[in-house]
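First up is the structure itself, then whatever we jot down about it.
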Amino acid sequence: MEEPNPCFFNPAILDSLTDDSVHEILDSYNDFCNATQSLLAGNGDLSVASDFVSHVHTLCKHRLRSLVQDHFFRLLEETFERNGASRFWRHFDPYFHVAGLNKNDDLDIDEDEIQSVLYNALEEITLEKQYQEKCLLMLVHALQSYKDQVSEDKHGFEGDRNYLTSKYQWIVSSVLMASLSRHFPVILHWYFKRKLEEVSAIMDGEFCDDASQNKDGMNLDEKGKICNKVGEMDVDECYSDHRFSENSRLVKNIGKVVLDLRNLGFTSMAEDAYASAIFLLLKAKVHDVAGDDFRSSVLQSIKSWIQAVPLQFLHALLVYLGDVVSYESTSSGLKSPLAPQPSSCCPGIDTPSEGLVRWKLRLEYFAYETLQDLRIAKLFEIIVDYPESSPAIEDLKLCLEYTGQHSKLVESFISALRYRLLTAGASTNDILHQYVSTIKALRTIDPAGVFLEAVGEPIRDYLRGRRDTIKCIVTMMTDGTGAHSSSSGNPGDSLLEELNRDEEIQENAGVDDDFNTDDRQAWINAMRWQPDPVEADPLKGSRNQRKVDILGMIVSIIGSKDQLVHEYRTMLAEKLLNKSDYDIDSEIRTLELLKIHFGESSLQKCEIMLNDLIGSKRTNSNIKATINQPSQTSVEVGDNAISMDAISATIISSNFWPPIQDEPLNLPEPVDQLLSDYAKRFNEIKTPRKLQWKKSLGTIKLELQFQDREIQFTVAPVHASIIMKFQDQPSWTSKNLAAAIGIPADVLNRRINFWISKGIIAESQGADSSDHVYTIVENMAETSKNGASTGCAQELLGGEEEEERSVASVENQLRKEMTVYEKFILGMLTNFGSMALDRIHNTLKMFCIADPPYDKSLQQLQSFLSGLVSEEKLELRDGMYFLKK
């Protein structure tokens, strides 16, 4: 600010001065300095005021006004620095140790003591400043009275006063800031934090009381007005009510401290101090309300608390400070079209000030950001609990829409996945469960799937490196044990059924834009259009044309639906061969659902497999119905007869089933004869078709009778053959028993462990160390009792090695199919020395002439090459394959 009516020094004036004038100037200046010194001494003696004014007039008469002002302000600054600033900072010297503390730390000092010190220091320096301002006003009056005498500008009093006052305020602020103590901001923050905690406790208590009363005695419409009722407290009403007298006192004390700090030039420091205290209270409130409870929404209650507590306090404080510029009457008269309307911004306050509106926006943004960070930090747990944690997901969605910090979610969640999920200790099933839950949860936050692509990429990359991924995916999709039940699902539903039901719900609830001819609806859709985020992949189309396909994202882990269908076909064959009846309703339903997603052609073989079961049931009934003679319907096994009715055959079309694993097995002669009779009758009915029995497959129900007990078992044929041999003799050596059954001795030793574990057979050492003796246990008193209960063949087979399954695994099938290409691969490496996986794959596709032609994927080739490496035929170094030397 420029000084009004500035006086420039003109050297020619010195030539016009007489000796008397010079003496008069010197005497007046000395007397002026002495009078100013006495006036600013601070003892309240204003007796020199008349002399002070006289000397000012004399100096101004000689055009030395600028000298008067400069000297006065120099002495004013020195005096304030000595009597004001130095004394003010000395009050806080005992607390210098708090300078290194964080704002969140508690001060190890007496609360009342430091509050009293702050009040006394502010009161003392304020009195000193007020006295100096009174002296400054005397100078202003002296300068103005001289103007009146010489008939100069008589209307510049306000301008002179404003200029000199602002200059003095600048001096005060400069002196204090130049000597600012490092611990003073910490003390201010601590003071406001403690005071605002007291205010919050009072107002928060009233808010909770009113909320509970409304919940008990009001209808739904009135409950929705709880926050408005709490907000409808005018400042004067608040102070006049006895219930808020304590709150009024606290607000006035805080307001007085803020005013004093503003007058000393600490405006920004004071606002930062009480703003940070308010934000700390709000952060604590958000953490207290949200916590680890993910099953209820907390966002609305936080917003209600903001309106009822911090905004009401700030409204009262701004009124006390006089910062009540109406929102409707801004200085420029212009408002942003995006600015909120007062009625929706501050319920209960008719004309909120512009500062209050800004405070409301700041507080809400901070609350949204704090809740967002809290939920992002716990997003892994939230998704584990999904869909019960849906309210927390909805809150997070609203927070991200407000803050736009989606990238923070992506980075944090990927880090949590890599640290907590994508580890060797996590099972593939658990990873897939979490992946499906992640897709469902993030679909709520990001319906277009833009950020889901980024989050899911590390999971997909990790699952591609696991050998059992395809098997787990098929199990999860078809068995009803792999997907978490959702709000729309039923316990035991497969993921495929759940996804199909969800798609039907979305299609019924959605509106197809292709058939929407309503111009008004089209306009509404256009108004709701939003551009894709910057993270979106432009190759995947607009968010308005894209929807999250959960099944497609799961299949993308494998890379090809053909591999998934092949695995499903293998698992279906295993399941059908182990069935003891012909109930295939669930398998038919699953197949129909798979047809919807993968097409009928790719699942044609699976459909034939199910038709084989249906045909087997019909054929089995026909064969039994056409055999009427008793001699044809049963054969004798010892003292008991086995009826033809006890046989249920599963007749398969071997060309359409996966390779069936069959091991040589000698069944008891009567049983073998019964199977031959069944096959003969089948040939008569289905001429020229013939049955070729897979004797090691299927299940047999046995009833074993001992001296002291009778036990029933359902076992595999090999187990039945083993135990039925003990009808001929009670004791067998392992070599003789293996020869009688027709299986290797090592296989026998492994299979007979089932009967040993059930306490049916006892094992002892034979004459040869490599031979064992097995003896039937007729009386349980002779041995320990190990649970004589009904057994289950599926339990046994499920725990055995993979090569003993009914159907060859996908890996074994692939290994067998790829064997024909092994010579080509070894020949290429012999010629070229070393080759990368891609080059081997491309070379086989172009030059391999074999039957069938090479049509494997890159992943299948990599799996086959890994097998050759484990067999030490090849070695892998730095991504290159070499012949093993």
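The values are calculated or read from the model by the stated rules, or taken from the named source; none is laboratory data. Just so we're clear, the structure is a prediction, and the values are computed from it rather than from any experiment. Every residue, glycine as well, gets a Cβ built from its backbone with ideal geometry; the counts of neighbours run over all protein chains shown. Surface accessibility is based on the protein's heavy atoms, side chains included, excluding ligands, DNA and RNA. Shrake-Rupley method; radii C 1.70, N 1.55, O 1.52, S 1.80 Å.
Per-structure values
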item: Yes/no for Arg443 being modelled with pLDDT under 85, part of a helix (DSSP H, G or I) and outside the structural domain of Val565 (by the TED database); result: yes
item: Subset of region 282-299 [under 20 Å from the mean Cα position of the chain (by Cα) and open to solvent by 20 Å² or more (accessible area, probe 1.4 Å)]; result: Lys283, His287, Asp288, Val289, Gly291, Asp292, Asp293, Arg295, Ser296, Ser297
item: Index of the failed condition, Tyr402 passing every other in (1) touching a residue at least 40 places away in the same chain (Cβ under 8 Å); (2) open to solvent by 10 Å² or more (accessible area, probe 1.4 Å); (3) assigned to a helix (DSSP H, G or I); result: (1)
item: Meets criteria (touching a Leu at 6+ places or on another chain (Cβ under 8 Å) and either surrounded by fewer than 18 Cβ atoms within 10 Å (Cβ to Cβ) or part of a loop (DSSP other than H, G, I, E, B) (or both)) for Ile711; result: yes
item: Where a residue in region 110-136 is assigned by the TED database to the domain that holds Glu81 and within 15 Å of Leu261 (Cβ to Cβ) and its partner, wherever it lies, is charged (D, E, K, R) and in a helix (DSSP H, G or I), with Cβ under 6 Å and at least six apart; result: Leu122/Asp260; Thr126/Asp260
item: Residue match in region 745-763 (condition: farther than 24 Å from Asp672 by Cα and over 60 Å from the mean Cα position of the chain (by Cα)); result: no
item: Region 300-325, residues that are in a loop (DSSP other than H, G, I, E, B) and open to solvent by less than 20 Å² (accessible area, probe 1.4 Å); result: Val309
item: Near pairs, Cβ below 9 angstrom, 6+ apart or cross-chain, from region 81-93 (at negative phi and not assigned by the TED database to the domain that holds Tyr168) to any residue that is among the small types (Gly, Ala, Ser) and not in a helix (DSSP H, G or I); result: none
item: Lone qualifier among Tyr386, Tyr435, Tyr419 - being within 30 Å of Ile588 (Cβ to Cβ) and within 14 Å of the chain's Cα centre (by Cα); result: Tyr435
item: Failed item, numbered, when Asn429 is tested on (1) of a type outside the set (Ser, Thr, Tyr); (2) out of contact with any Cys (no Cβ under 8 Å at 6 or more places or on another chain); (3) assigned to a helix (DSSP H, G or I); result: (2)
item: Candidate set: region 245-267, residues that are assigned to a helix (DSSP H, G or I), out of contact with any helix residue (DSSP H, G or I) (no Cβ under 6 Å at 6 or more places or on another chain) and open to solvent by less than 60 Å² (accessible area, probe 1.4 Å); chosen: the one nearest to Tyr168 (Cα to Cα); result: Arg262
item: Residues located in region 379-399, provided they are crowded, with 20+ Cβ neighbours inside 10 Å and closer than 23 Å to Trp305 by Cβ; result: Ile382, Ser389, Ala392, Ile393, Asp395, Leu396, Cys399
item: Filtered residue count, region 441-455, keeping only those that are over 16 Å from Ile376 (Cα atoms) and open to solvent by less than 40 Å² (accessible area, probe 1.4 Å); result: 3
item: Long-range neighbours under 8 Å by Cβ, at least six apart or interchain, first residue in contact (Cβ under 8 Å) with a residue 60 or more places away in the chain and outside any helix (DSSP H, G or I) within region 557-572, second among the polar types (S, T, N, Q) and surrounded by fewer than 20 Cβ atoms within 10 Å (Cβ to Cβ); result: Gly559/Ser857; Gly559/Gln859; Ser560/Ser857
item: Filter result for Lys695 (modelled with pLDDT under 85, within 23 Å of Leu665 (Cα to Cα) and surrounded by fewer than 13 Cβ atoms within 10 Å (Cβ to Cβ)); result: no
item: In region 725-744, the residues that are part of a helix (DSSP H, G or I) and open to solvent by 40 Å² or more (accessible area, probe 1.4 Å); result: Lys725, Gln727, Lys735, Asn736, Ala739
item: Criterion (of a type outside the set (Lys, Arg), closer than 27 Å to Lys575 by Cβ and not in a helix (DSSP H, G or I)) met by exactly one of Leu704, Leu697; result: Leu697
item: Any hit, region 90-113, residues being crowded, with 16+ Cβ neighbours inside 10 Å, at pLDDT below 85, out of contact with any His (no Cβ under 7 Å at 6 or more places or on another chain) and in a helix (DSSP H, G or I); result: no
item: Residue in region 834-847 that is open to solvent by less than 30 Å² (accessible area, probe 1.4 Å) and at pLDDT below 80 present; result: no
